[in-house]
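The values are calculated or read from the model by the stated rules, or taken from the named source; none is laboratory data. Nothing here was measured: the structure is a model prediction, and the numbers come from that model. Note that we place each Cβ from the backbone using ideal geometry, even for glycine, and neighbour counts take in every protein chain shown.
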Amino acid sequence: MGSGFNENRDAYLSLSITVLAAFCRVPDIASSEDMVLNISLVLEVISTQSGSSVLQECYEFLYLVSAASGNGITRFCESEGIKILASQMSALQDGSHLMELSFKLLQLILGRMSFEIFQNNNLSDISVIVAAIARQFAVLHNSLKFEALHLLNAILTSKDSTQLRNALRLHPQDSWSTNIHTGIIAVLQNRVAPAERLQALILAESMVSMHGEDWLVSQVNTNDARDPASANMCLLLVLEQSRVEIAVLLNELAYLKYEAPQDTSATAEAIFTKQHNVAVAYSLVEKIIKLISNVEENDGNLLDEGTLTKLILQLNETIAVVLEYLEDAKEHGQKKGDDLLASVRIIGSYLAEAPLACKEKVQDLLGYMLSIEGEDEQRPFYSVCFLLPMLSQITMKIEGCKALASCKGLEAVLDCFNKLVGSNAFLEDNGCIFLACDTIVNLLLKKDKMHMMLDESAIVRLLKALAYCSDNTDEMSSMMMAASICALVFEYTSEEALLNRPDFNYSTLRTLYLLIARCLTSSEQGTKEDMDLSEIVSSGDYASLDGLIDTPVSERLSRRDFDPLIWKVFIVKVK
């Protein structure tokens, strides 16, 4: 009796929901308040009827009502619909109609509410949903695979997804992360629409941002350990597709900026979209450059020689395309733009590892690249910062110094240095400061071979920046670098010439004297680099300080800021 009653109840329940779902195919009925109120009841049925044939009608009802009514999604989320959906999706059959309806529900939710609200109190459930979508992305070979790709991007690339990303990092990577890895390979190595390939790159960039560039070479299964080509497949495919996207997008950007009708909303929107997509491809290429630069730290086990060769060839082609884009911009008199600045950044990243790559083209464009400004910049700064790793290497040789000096690159480096260490510093970056100092030292050491002249005002600005730097550090390597620059700069000028300038005073000069004195009296300990700098300081020409040393003791002591240490060191040095 009880069994028959239950069977009848299930039949009536199934029939009722089937009728409701059928009525909801009429939008006016689906959007009614009565149907919206029934969402809670249908969700309760789903949570208690797992595996039942009534589930399909339940999902149909939820989708139709949510699509027809703005209040439907709100009611769905308030009734713990996300939690129920998460528990169901992980158990649904791959590629089933129920999975497809789940995807449609998620698309509605993401399209109608902010991601911040969507993820509130649902982080663990959304993590489960992401894992379920990732599985579909890996195993399916139909249109639902691309729906999964789009959903993953909508979730993972949201500007408010930081909390979710942190939660996902706690999930075992051997499941959802590997599934995404597999899915990206499948998209990039098969014949699919260019738009889907771009979506795959966007997803790859999100994963690399979450897990680091090593994620690109993570092994899909244990067999890959015996086949380096398979283990590196994702890396090679991502770089190849990034190269293609960069070439296509930069060509389209050049047309839109220099040939298409300007001052139209369509052109402006197209430029914005393409610049965003180029930024994604640039980011991936930069991460791959970083991966290659870390090969030695990993004892060469991360990438085999054959893979490295392929990567370098692809990177050379990519950088050549970017240089052509900058050359085109130069010919059109364009110096301002975030796309131009990003292009300088990717070139700087690669040239930091391969300073002689595309040598002639780089030298031709060096002055132009140093003059590029971002949209929010008033003067070039970040472009110089991006090129400093390369500049510090090429200026180790006279040819590089001449190339930099010929395009007034020293002035650009000095201006950048002043912005890095001044009282109103643009950003705190000790790496950039060191590279700028290194470049300046290299140039000053070779000044006689280049007949290079320094503007008096540039000297003053540099010395004032060094004085500020020395007042704000106790780190001997930094002090030694600053002192070595001072020693080299003093060969250009004299105490009298400096003090005759209205923008320079004895207090600044005293700070520099004290800096040099401290470095001269420091113990000869430290790295080889510190020893080299100490030699520069020790061999400096301090004859211009004769006036200070020959001044009577009474007059020296009358100087309010006179420091006996300065006199003691320099009298020994000069006399």
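Give me the residue from the range 468-508 that is in a helix (DSSP H, G or I), charged (D, E, K, R) and under 24 Å from Ser534 (Cβ atoms) and, out of that set, nearest to the chain's Cα centre (by Cα). Top of the filtered list is Asp471. Just one residue in the set Thr318, Thr395 is of a type in the set (Val, Ile, Thr), under 30 Å from Leu256 (Cβ atoms) and either touching a Lys or Arg at 6+ places or on another chain (Cβ under 9 Å) or crowded, with 16+ Cβ neighbours inside 10 Å (or both); that residue is Thr318. The residues listed here are Ile73, Ile39; of these, the one that is in contact with a Lys or Arg (Cβ under 7 Å, 6 or more places away or on another chain), touching a residue at least 12 places away in the same chain (Cβ under 8 Å) and more than 23 Å from Ala11 (Cβ to Cβ) is Ile73.
Of everything in the range 367-387, what is out of contact with any strand residue (DSSP E or B) (no Cβ under 9 Å at 6 or more places or on another chain) and surrounded by 22 or more Cβ atoms within 10 Å (Cβ to Cβ)? Give them in sequence order. Hits for the range 367-387 are Met369, Leu370, Val384, Cys385, Phe386, Leu387. Check Gln93, Gln107, Gln56, Gln88 and return the single one that is free of Cβ contacts under 8 Å to residues at least 12 places away in the same chain and within 19 Å of Ile133 (Cα to Cα). Being free of Cβ contacts under 8 Å to residues at least 12 places away in the same chain and within 19 Å of Ile133 (Cα to Cα) holds for just one of Gln93, Gln107, Gln56, Gln88, which is Gln93.
Touching a residue at least 40 places away in the same chain (Cβ under 8 Å) and over 22 Å from the mean Cα position of the chain (by Cα): does that describe Ala270? Answer is no for this residue. Residues in the range 451-479 that are over 23 Å from Thr508 (Cβ atoms) and either out of contact with any helix residue (DSSP H, G or I) (no Cβ under 9 Å at 6 or more places or on another chain) or modelled with pLDDT of 80 or more (or both): His451 only. When Val192, Val280 are checked against the criterion of being within 20 Å of Leu151 (Cβ to Cβ), modelled with pLDDT of 90 or more and part of a helix (DSSP H, G or I), a single residue qualifies: Val280.
Can you find a residue that is surrounded by fewer than 18 Cβ atoms within 10 Å (Cβ to Cβ), more than 23 Å from Val238 (Cα to Cα) and without any contact (Cβ under 8 Å) to a residue 60 or more places away in the chain anywhere in the range 136-149? No - not one qualifying residue is present in the range 136-149. A count restricted to the range 167-197 and to residues that are without any contact (Cβ under 8 Å) to a residue 40 or more places away in the chain and either of a type in the set (Gly, Ala, Ser) or under 13 Å from Leu152 (Cα atoms) (or both) stands at 2. Being of a type in the set (Asp, Glu) and modelled with pLDDT of 95 or more is the requirement here; does Glu240 meet it? Considered against the rule, which asks whether it is of a type in the set (Asp, Glu) and modelled with pLDDT of 95 or more, Glu240 comes out as yes. Which residues, taken from the range 439-460, are of a type outside the set (A, V, I, L, M, F, W, C), surrounded by 15 or more Cβ atoms within 10 Å (Cβ to Cβ) and in contact with an Asp or Glu (Cβ under 9 Å, 6 or more places away or on another chain)? Lys447, the sole residue that qualifies.
Where helices (runs of 4 or more DSSP H) sit wholly within the range 295-409, those with at least 2 residues that are at pLDDT below 95 and under 30 Å from Lys446 (Cα atoms) occupy 338-353, 359-370, 382-394, 398-406. Set side by side, the residues Arg510, Arg501 differ, and just one is over 24 Å from Glu411 (Cβ atoms), modelled with pLDDT of 80 or more and surrounded by fewer than 19 Cβ atoms within 10 Å (Cβ to Cβ), which is Arg510. Here is the figure for the range 299-314: residues that are in contact (Cβ under 8 Å) with a residue 12 or more places away in the chain and either more than 26 Å from Val384 (Cα to Cα) or in contact with a helix residue (DSSP H, G or I) (Cβ under 6 Å, 6 or more places away or on another chain) (or both) total 9.
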